[in-house]
1. Determine the per residue accessible area of region 86-160 with all protein chains present and a 1.4 angstrom probe, expressed in square angstrom.
2. Mind grabbing the base-10 log of I(q)/I(0) for the chain at q = 0.08, 0.13, 0.16 Å⁻¹? Debye formula, identical points on the C-alpha positions, no solvent, two decimal places.
3. Between Lys175 and Met142, what length in nm is gained on full extension when 0.36 nm per residue of separation is reduced by their alpha carbon distance?
4. In whole Hz, with x marking every Gly and Pro, tabulate ³J(HN,Hα) for region 133-139 from phi via Karplus 6.51 cos²θ - 1.76 cosθ + 1.60, θ = phi - 60°.
5. With +1 assigned to the C-beta of every Lys and Arg and -1 to the C-beta of every Asp and Glu, and no other charges, what is the dipole magnitude of region 60-142 about the Cα centre in debye, to the nearest 20?
6. P(r) tail for region 41-115, what percent of Cα pairs lie past 20 Å?
7. In the chain, what percent of the accessible surface is made up of carbon and sulfur (1.4 Å probe, ligands and nucleic acids excluded)?
8. Extension gain Ala183-Gln59, at 0.36 nm per residue separation less the Cα-Cα distance, in nm?
Amino acid sequence: MFPQHPGPIGIFDSGYGGLTILEKIRALMPGYDYLYLGDNARAPYGPRSFEVVYRFTRQAVERLFRSGCQLVILACNTASAKALRTIQQKDLPAWDASRRVLGVIRPTVEEIDRISRTKHVGLVGTEGTISSGSYTLEIKKMYPHITVTGEACPMWTPLVENNEATSPGADYFVKQHIRRLLAKDDRIDTLILGCTHYPLLLPKIKENLPSGITVISQGEYVAKSLENYLFRHPEIERKITRNGTCRFWTTESAEKFSGSATVFLHYPVQGERISID
């Protein structure tokens, strides 16, 4: 069904946020080839149902597999929360059990206990990520003694995607949600950015946080986890090509994607429009 020869590492996101994950992965492992796919035409995924997010994510993963990827990273918290487990348990055995699909939630969760002193952790994310309870479930599974408090921030992603991350509007919405979160639990000493767009709001987030709260941005943890995964699974690592290249696909306008992706990555990006549905 899919090509069996080695191929690039696939990186999937509903939009642009996954570029912050890609950036950290490439910085740590520049020698591999990468294929980034953003489903920008159907973003955002956050407010969508489990069924729709699963269907869209499944289509994207299948497209990346058909393009030669043996390993796909869901660089999207909503897709990781609502679709990853079903794809791993249901689709991979039917498609090709030797391929892998990994998410961004577990690599982040694994670091929580080491970082938090009070064992009270805050989580900001999309409506879909917060309502799914995926972070809470993963954290409770690994660290039952940790208290997790979530806050959905529906305006943060649109602010970033519309290049408003440094605007007065961003100040208002960041301050509003930080206040709401800390009002729920004033013992929080660690904040998880549970959306890959949020690193672009990091200066505003830090401005509005009390001193002593550690902010966890996912990119570096996902990158280190992937590096470790490939070290532990040489049978997967051998299936990845090594030419140091990166291609960018979008389901939206290539011109629009290229402009916005350049803002995220700080270097010129040339996107290519494709269809996955």
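The values are calculated or read from the model by the stated rules, or taken from the named source; none is laboratory data. Remember, it's a predicted structure, so these values are computed and weren't measured experimentally. Please note: Cβ atoms are built from the backbone with ideal geometry, for glycine as well, and neighbour counts cover all protein chains shown. Note: accessible area is taken over every heavy atom of the protein model, side chains too, but ligands, DNA and RNA are not part of it. Shrake-Rupley method; radii C 1.70, N 1.55, O 1.52, S 1.80 Å.
1. With the other protein chains kept in place, region 86-160 gives 41 Å² per residue.
2. -0.31, -0.83, -1.26
3. 8.8 nm
4. Listing the rounded values in order: x, 5, 5, 4, 4, 5, 5 Hz.
5. Roughly 120 debye for region 60-142.
6. Values: 874 of 2775 pairs.
Result for the distance tail: 31 percent.
7. Working: 6140 of 11890 Å².
Result for the chain: 52 percent of the exposed heavy-atom area is carbon or sulfur.
8. Values: separation 124, 0.36 × 124 = 44.64 nm, distance 3.99 nm.
Contour length minus Cα-Cα distance gives 40.6 nm.
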